[in-house]
Amino acid sequence: MSDVSQHAADIHEQFSDHLDVSVDDVEDRLTTLVDEYKVPIEEARRSVTNHYLEQAGLEREDIASGGSESVELAEIDEPEQWVDVTVKVIELWDPRSDSVAQVGLLGDPSGTIKFTKWAKSELPTLDEGGVYRLENVVTDEYQGRYSVKLNKTTVIEELDDDIEVGTDTSEIEGAMVAMQSGSGLIKRCPEDDCTRVLQNGRCSEHGEVEGEFDLRIKGVVDDGIDAHEVIFDQEATEALTGITLEEAKEMAMDALDTTIVADEIADEIIGTYYRVEGPTFGRYVLADDVTELDEPADPDPLLIRARSM
Amino acid sequence: MSQAELSREVARRVFASEFNDATYTFKESDDERAPNYALLPTGDRANRVFAVGTLTETEDVGDDSEYWRGRVVDPTGTFFAYAGQYQPEAAAVLREAEAPEYVAVVGKPRTYEPDDGSVTVSLRPESISIVDETTRDRWVVETAERTLDRIEAFQAWEAERDDPEGGSTAPTNEYAQLAREEYDSPVENYRQAVVQALESLDELEATA
């Protein structure tokens, strides 16, 4: 069977429940694009699929693409694949848009991946720390990073057993070159299982609430080759700056302003060299272990190299 | 999640002597908001720089409003950092600093062309912080290493290009190629600057 026939058969299979269309018809459309208009087969397939989606009044998520396959997260290296995964919900993040019901990080023994669950899919809520079998999720890619999207056809099954989550740990040595907004003394939503950071006293989920203070740093550690975004939780922030949560609250109280804490921290850390170790979550490194690099650096090996060039 | 957040520009390590020669600037796309890069003579692009040195002098050179200039000296030369009303934190540090002091500057390269046809390169700081001597020495060693890496990549590209057998297999190093086209000074100058910078650390050690 030729490539085009195979793709035609796949597409036909996807739509057989929804449309009265023959394999030949699908193949004709593909052939026209591929042979006459020199469109690559993948793009042709996409285009033809879209045509039938429109005809059937369906969304891309509503059709299964010839059965999904069980994979480990680390195996995901292509967008638009339909896969089944068994994962633990490591973290839930604040959705930045009403169209997203939940967003966060999933993990399995092979690694971690970001997930998005659309509001319109009307799926049950995933709990942080919960272990699930997710069937029919779609992979996606953005700037070289992969994620999975849950959709209307996704089957969520909660599992009783725990799974070990493998993490990709990073070790970075570099200078702290910037501190991002949302650092310093912040307030989090006190609702059960909600730790969203409040914006002007409001939680995006629970509205106006009496927030609970927390201390954190979102910093950039830069080694001259890459800029790494690093998150320091309360413990790591206290260890790094010597400022405790209690002291931070007092400082803010005295100044009648919480931003004084961030200013103080920035003065302390920017321009300083650190070694940071910790797991990688998406684009962030979570600082588990931080050392200030205050021992003198040795110029001699480089001097030898420079002289011999 | 904005695209800008995802692709934060790295802060290059470059000595003052090379930085001040980076007079050629360019963009990678026609987009108005596309980032500006200075072309480093050793063959890389720099949208942002991290520099550590001795702040030896500060001066308010502004006419109507404050405009602070700081001279930040490393073993090879002097960085000029300018901060005005749009860099209030950096301007405040320069206003209050008591030179000489070690400072770390994170900033963007900027070029200025006076009427005499020359081009001056300066730093527009995002932040300036007071640091200690260990940090400054670490920066010299780190900057030496990054500079040697660039020089090595430049020389590898040159060697391949000049190799008659190499033909079309020459490795691409578009910034080395651009630097060769835009600048006259050979990369050997920057290797010498690295040696000089590292030797200055060794001398300090010997006299300590």
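The values are calculated or read from the model by the stated rules, or taken from the named source; none is laboratory data. Keep in mind that this is a model prediction, so the values were computed, not measured. For neighbour counting, all protein chains shown are included, and Cβ atoms are generated from backbone atoms with ideal geometry for every residue, glycine included. Only protein heavy atoms, including side chains, enter the accessible area calculation; ligands, DNA and RNA are left aside. Shrake-Rupley method; radii C 1.70, N 1.55, O 1.52, S 1.80 Å.
The single condition among (1) part of a strand (DSSP E or B); (2) within 14 Å of chain B (Cβ to nearest Cβ) that A:Leu215 does not satisfy is (2).
Scanning the range B:47-75 for residues that are small (Gly, Ala, Ser) and farther than 25 Å from B:Glu9 by Cβ yields a count of 2. Checking each residue in the range A:243-274 for being touching a residue at least 12 places away in the same chain (Cβ under 8 Å) and on the phi > 0 side of the Ramachandran plot picks out only A:Gly271. The set of residues in the range A:260-283 that are in a helix (DSSP H, G or I), surrounded by fewer than 18 Cβ atoms within 10 Å (Cβ to Cβ) and within 12 Å of chain B (Cβ to nearest Cβ) comprises A:Asp263, A:Asp267, A:Glu268. Checking B:Ala81, B:Ala91, B:Ala104 one by one, the residue that is open to solvent by less than 30 Å² (accessible area, probe 1.4 Å), more than 22 Å from B:Phe15 (Cα to Cα) and among the hydrophobic types (A, V, I, L, M, F, W, C) is B:Ala91 and no other.
Selection within the range B:111-125: residues that are open to solvent by 80 Å² or more (accessible area, probe 1.4 Å) and either aliphatic (A, V, I, L, M) or part of a strand (DSSP E or B) (or both). The member of this set that is farthest from the other protein chains (Cβ to nearest Cβ) is B:Tyr112.
One residue stands out among those in the range B:10-45 that are over 14 Å from the mean Cα position of the chain (by Cα) and assigned to a loop (DSSP other than H, G, I, E, B): the one that is nearest to the other protein chains (Cβ to nearest Cβ), which is B:Pro35. Please tell me if A:Glu27 is in a helix (DSSP H, G or I) and of a type outside the set (A, V, I, L, M, F, W, C). In short, yes. With respect to (1) within 14 Å of chain A (Cβ to nearest Cβ); (2) within 14 Å of the chain's Cα centre (by Cα); (3) within 17 Å of B:Ser122 (Cβ to Cβ), the lone exception for B:Gln87 is condition (2). Taking strands (runs of 3 or more DSSP E) as the structural unit, those lying wholly within the range A:137-210 and holding at least 1 residues that are touching a Pro at 6+ places or on another chain (Cβ under 7 Å) correspond to A:155-159, A:169-179. Name the residues in the range B:100-138 that are within 17 Å of A:Ile269 (Cα to Cα) and among the basic types (Lys, Arg), would you? Across the range B:100-138, the qualifying residues are B:Arg136, B:Arg138. What residue, of A:Thr195, A:Thr169, A:Thr244, A:Thr237, is open to solvent by less than 30 Å² (accessible area, probe 1.4 Å), among the hydroxyl-bearing types (Ser, Thr, Tyr) and away from chain B (no Cβ under 14 Å)? Checking each option against the conditions leaves just A:Thr237. Among the residues of this structure, A:Leu134 does not count as one that is touching a helix residue (DSSP H, G or I) at 6+ places or on another chain (Cβ under 7 Å), assigned to a strand (DSSP E or B), open to solvent by less than 40 Å² (accessible area, probe 1.4 Å) and more than 14 Å from chain B (Cβ to nearest Cβ).
Only one of the numbered conditions (1) touching a Pro at 6+ places or on another chain (Cβ under 9 Å); (2) modelled with pLDDT of 90 or more; (3) open to solvent by 70 Å² or more (accessible area, probe 1.4 Å) is not met by A:Pro124, and that is (1). Restricting the first member to the range B:174-199 and to residues that are away from every other protein chain (no Cβ under 13 Å) and small (Gly, Ala, Ser), and the second to residues that are open to solvent by less than 60 Å² (accessible area, probe 1.4 Å) and in a helix (DSSP H, G or I), the beta-carbon pairs closer than 9 Å and six or more apart or on different chains are B:Ala176/B:Arg150; B:Ala176/B:Ala153; B:Ala176/B:Phe154; B:Ala176/B:Ala156; B:Ala176/B:Trp157; B:Ala176/B:Glu158; B:Ala179/B:Phe154. You will find that of B:Ala99, B:Ala91, B:Ala51, B:Ala159, the residue that is part of a strand (DSSP E or B) and of a type in the set (A, V, I, L, M) is B:Ala51 and no other.
Residue check: A:Leu53 meets all listed conditions (1) under 16 Å from A:Thr154 (Cβ atoms); (2) outside any strand (DSSP E or B) but one, namely (1). For the range B:5-25, the set of residues classified as in contact (Cβ under 8 Å) with a residue 60 or more places away in the chain and open to solvent by less than 30 Å² (accessible area, probe 1.4 Å) consists of B:Ala11, B:Arg13, B:Val14, B:Phe15, B:Ala16, B:Glu18, B:Phe19, B:Ala22, listed by residue number.
Here the condition is being open to solvent by less than 50 Å² (accessible area, probe 1.4 Å), in contact (Cβ under 8 Å) with a residue 40 or more places away in the chain and not acidic (Asp, Glu); of A:Ile90, A:Ile41, it holds for A:Ile90 alone. Taking the criterion of being hydrophobic (A, V, I, L, M, F, W, C), under 17 Å from B:Ala97 (Cβ atoms) and crowded, with 22+ Cβ neighbours inside 10 Å, the residues of the range B:31-63 that qualify are B:Ala51, B:Val52, B:Leu55.
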